[in-house]
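Some notes on the structure that comes next.
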Amino acid sequence: MKKLPLLVLLLAIPFTSFAAQLLPGAGKASAPAQDTSASPDPLGRDTPSGTVLGFLQAAQAGNYKTAAEFLQISAVRRQSMGPDLASKLKVLMDRAFVGNMRRLSTRPEGGQDNGGSIDQQSIGVFSSGDVDVPASLVRVTDSNGGKIWLFSAETLNKVPDLCDNLQAHQVENRLPASLVRNLFLGMPLWQWLALLAAIPISLGLGWAIVLLLAIPRSLWLKYRHRPQLLSYSRVSPPLLVFIAAIAHRVIASYLGLPLLPRIYYYRTIGVVMGVGFFWFVFRASAITMQRLRTHSVAAGRTGTATLFLLGERLVKALVIGIAILSILGILGFNLTTVFAGIGIGGIAIAFAAQKTLENLFGGVSVLADEVIRVGDTCRFGDRVGTVEDISLRSTRIRTDERSELSIPNGALATMNVENLTRRDKILFNPSLGLRRETSPDQLRFVLAEVRRMLYEHPKVESESARIRFASFDSSALTLEIFSYVLTREFAEFTAVREDLLLRIMEMVEKSGSGFAFPSQTLYLGRDPGLDKERSQAAEQQVQKWRDERQLPFPDFAPADKSAFRGSITYPQPESAVGEKPR
């Protein structure tokens, strides 16, 4: 109810607006945009639209002598009977004319879709009872040699008879004569009073319809046990303006307004309807985008939520732009040059802001695909860092060196990005170099023990774990380990990796061998060589496997692999983070 004065003001716009247009000298400004690059005719008769509006403006001002200049009659008849014929034509235009004034051509050559000759233009019909008489204009050459449009003689010949057959409004027969005879800006006083009285009626109808539309929604929310949100209260004011304007327009259609005031009234009430409609679309789109953004945030899709925020701003700007163009079209402005200017300006802006647009669409692509999110640790080329913010122009990264790296979204959209946060497991892939003196059985012992350890470790994926003798290098026998550590956290991976490497060192030492280094050994004295006892023990173990026909090459038996799985205690009992005794 607090917004009711504003709504009354919006519905009062038609009267203040088209009343101002009906004032002397205002008609020229309110006429549709015309081609005035070369208009030799002072009365504006060089286009069909100019002829009709010019005649109505002159006749409404009571200047029927000037209005006769818009009629195709001889100079003698114009002086003698021109004003009377113009007054009768004005009556017909106000009370019997049926046609769309917005379709009147604003070009000197007229419209090409009237089905007639090039120099003739149909503007509508005069409807009187059961008789419909075409109303047409004709293009002639004036005394100055220019081309002008006039009401055709064929139409004018039927004007007196049609005017005599017109009947007065049934309402006017029951009203005081003073309200019918007295005119204000070309309209009887009773029509002005009727338009004013229609304001509260249309507001009441609009309010009732808005309340009725709210009832099904309230019942549905109550049935689904959902709270009554304030979204409908935000869209109800523009909806009320739109519905009330339509109701007022319907009421005014029954009043039989004179043609020129009717034109201005339809334009201004059309503006009010457009304001209400686009106001409703503006708020409804904002509410929709906000709800979608809230759902995205609740689901953890922060990138999509940011994209909805961008979409809300773009939709709002688009609605405002379309609203302005629509209102200009309702007011009668020629939008051809406007659209041409928008097209040329858009091309110029696109070339000037090519990089900006590239970054904008790159940001939209990154946010829509959700390749990265805020908080993800990723590798961008040769740099690794954590995503701190994804804006429309660039993405900011906090590197391991704690510096801030800004990457334009255009470059980011074409870059190979490795998202480390979304790993389901982490690769453990070291290479071991054993001394060249290592015997084959020692090497087999190391391979078997490390392989068994990978199968037994609870933090290693046993299905894909493997260790193989890979190559003979210049100073080492190279073993390659390929396995996955079952963790997503890099800090936990480093702890597991440390444990695995320490266990491998113990196994290499237990085999009697050692790790090779890229160096040369100079023997100056007696070389003790390898540990004979440990070497003999390792060889005996391998020989035992042979005797028992359980040599674990090329792999352990499936039953042994199943028995190994998870048999290692991790962390070790003496560890500070080991399992507490039960």
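The values are calculated or read from the model by the stated rules, or taken from the named source; none is laboratory data. These figures come from a predicted structure and were not determined experimentally. In this analysis, Cβ positions are derived from the backbone assuming ideal geometry, glycine residues included, and neighbour counts consider all displayed protein chains.
Structure above, values below:
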item	result
Failed condition for Gly321, given (1) surrounded by fewer than 18 Cβ atoms within 10 Å (Cβ to Cβ); (2) under 30 Å from Ile372 (Cβ atoms); (3) at pLDDT 80 or above; (4) within 14 Å of the chain's Cα centre (by Cα)	(2)
Of residues in segment 544-557 being farther than 12 Å from Pro440 by Cβ and either among the aromatic types (Phe, Trp, Tyr) or part of a helix (DSSP H, G or I) (or both), the one nearest to the chain's Cα centre (by Cα)	Phe556
Whichever residue in segment 119-160 is assigned to a helix (DSSP H, G or I) and in contact (Cβ under 8 Å) with a residue 60 or more places away in the chain and, among such residues, is surrounded by the fewest Cβ atoms within 10 Å (Cβ to Cβ)	Ala153
Any chance Phe472 is in contact with a helix residue (DSSP H, G or I) (Cβ under 8 Å, 6 or more places away or on another chain), farther than 28 Å from Asp424 by Cβ, of a type in the set (A, V, I, L, M, F, W, C) and surrounded by fewer than 17 Cβ atoms within 10 Å (Cβ to Cβ)	no
Test result for Gly270, modelled with pLDDT under 80 and within 29 Å of Trp190 (Cα to Cα)	no
Any hit, segment 443-452, residues being more than 60 Å from the chain's Cα centre (by Cα) and farther than 25 Å from Pro571 by Cα	yes
Lone unmet requirement of (1) assigned to a loop (DSSP other than H, G, I, E, B); (2) at pLDDT below 55 for Asp41	(2)
Complete set of residues in segment 429-443 that are touching a strand residue (DSSP E or B) at 6+ places or on another chain (Cβ under 9 Å) and either under 17 Å from Ser513 (Cα atoms) or of a type outside the set (S, T, N, Q) (or both)	Pro430, Ser431, Leu432, Gly433, Leu434, Arg435, Arg436, Thr438, Gln442, Leu443
Test: Leu477 is within 60 Å of the chain's Cα centre (by Cα), surrounded by 12 or more Cβ atoms within 10 Å (Cβ to Cβ) and among the aliphatic types (A, V, I, L, M)	no
Only listed residue being buried (at least 17 other Cβ atoms within 10 Å of the Cβ), in contact (Cβ under 8 Å) with a residue 24 or more places away in the chain and part of a strand (DSSP E or B), chosen from Tyr484, Tyr455	Tyr484
Number of the exception - Ala68 against (1) at pLDDT below 85; (2) in contact with a helix residue (DSSP H, G or I) (Cβ under 8 Å, 6 or more places away or on another chain)	(1)
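So that you can scan it fast, the table gives a plain yes or no per residue for (1) in contact with a Ser or Thr (Cβ under 7 Å, 6 or more places away or on another chain); (2) in the same structural domain as Met505 (by TED's automatic domain parsing):
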residue	(1), (2)
Glu401	no, no
Leu405	yes, no
Gly410	no, no
Met415	no, no
Leu434	yes, yes
Gln442	yes, yes
Phe445	yes, yes
Glu449	no, yes
Glu461	yes, yes
